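See below for the structure under consideration.
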C-alpha cells in the first residue's frame, strides 16, 4: 500500500523561488534533506536513479549529495550494487525527536486502552507537508487491523486524521495548505475540499470527524485534533479499521465520542507529579 506521493517529497518551484529571496536559506542543505526524505517505509535500498526521480533533483547534483550523506553516516552504500540505505545517523535523529515528544509518552497508555476497548487501531500523527506522519500507533486485540505504524504517511486531505488537523487550524493556515493541495491535486481537489468543509462542520457539531471510504474504500475511521495547552495544533488522532468491521453508526455513536474524549484529555495540561 502506498502512503505518500512523490510530489510530497520534492521542493516546490514556489519553495525554490522563496528560498532564492532568503539569504539565510541553504539550498544545498535543503536538497540533502530531500534525499533522506525520499526513503519511505518499506524501502530497503534505493539507487541514484530512483532518488533522482523521487526528489526531482538533477542526477549530477544527486550523486554529490549521496556521496556527502554517505561520508556523514546518514546513508550507507552497498558494495554489491552501489545502492543506498539509510544509516544510523538518521535513526539517531529520529529517536531524539520521538523521545522528546512528551505528548506521545502521555498518549500511549490512553491510546492502548481505547484500542483494547473498541478493538481498533488508534494512532497519533503530526503534519509533514501535505501528509500526516504517524508518531505512535496502538492496536486492539483482534487479528484484523490496519497495518500502519510509526513513520507511515497518510494524505492530509483524504483521511480522518488529516481532515481533523485541517479543520482545527486557524483559517489562514488552513487556506495556505488547501492552496497547495489545489495545485498538487487539481483534478481531485473539489472532492477534497468538500471533505474538509464537511470535517469542519462535524468537528464543530460533534467534536470529531468521520472518513468512511474516502481514502481507501475499505477503511473507515474517525479523527480529532489535539490542541496543546498553549493553543498550538501539532497533532491529531484517528481510530478505525476495516470498513466491514465498523459501520457508520458505530463510527458516529461509539468510536467518535470516545476518541473525542481522549483528544480533550490530551489537550489539557498533565497533572503534576
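Output the number of residues of the range 1-34 satisfying the condition of being modelled with pLDDT of 75 or more and touching a strand residue (DSSP E or B) at 6+ places or on another chain (Cβ under 8 Å).
Result for the range 1-34: 0.
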Query raised in the report: Is it the case that residue 80 is more than 23 Å from residue 240 (Cα to Cα), assigned to a helix (DSSP H, G or I) and at pLDDT below 90?
Result: no
**Report entry** One residue from 149, 231 being surrounded by fewer than 14 Cβ atoms within 10 Å (Cβ to Cβ), within 14 Å of the chain's Cα centre (by Cα), modelled with pLDDT under 95 and within 24 Å of residue 105 (Cβ to Cβ)
**Finding:** 149
Requested in this report: Identify all residues within the range 234-249 that are more than 20 Å from residue 116 (Cβ to Cβ) and under 20 Å from the mean Cα position of the chain (by Cα); write none if there are none.
Outcome: 234, 235, 236
Query - Single match in 197, 185, 171, 136 (criterion: touching a strand residue (DSSP E or B) at 6+ places or on another chain (Cβ under 6 Å) and without any contact (Cβ under 8 Å) to a residue 60 or more places away in the chain) - result: 136
Report summary line: Scanning the range 162-176 residue by residue, those out of contact with any helix residue (DSSP H, G or I) (no Cβ under 8 Å at 6 or more places or on another chain) and crowded, with 21+ Cβ neighbours inside 10 Å turn out to be 162, 165
Query raised in the report: Can you name the condition, by its number, that residue 190 falls short on among (1) under 21 Å from the mean Cα position of the chain (by Cα); (2) free of Cβ contacts under 8 Å to residues at least 60 places away in the same chain?
Result: (1)
Query raised in the report: Does residue 119 satisfy the criteria of being outside the structural domain of residue 64 (by TED's automatic domain parsing) and surrounded by fewer than 14 Cβ atoms within 10 Å (Cβ to Cβ)?
Result: no
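The values are calculated or read from the model by the stated rules, or taken from the named source; none is laboratory data. Just so we're clear, the structure is a prediction, and the values are computed from it rather than from any experiment. Every residue, glycine among them, receives a Cβ derived from its backbone with ideal geometry; neighbour counts consider all protein chains shown.
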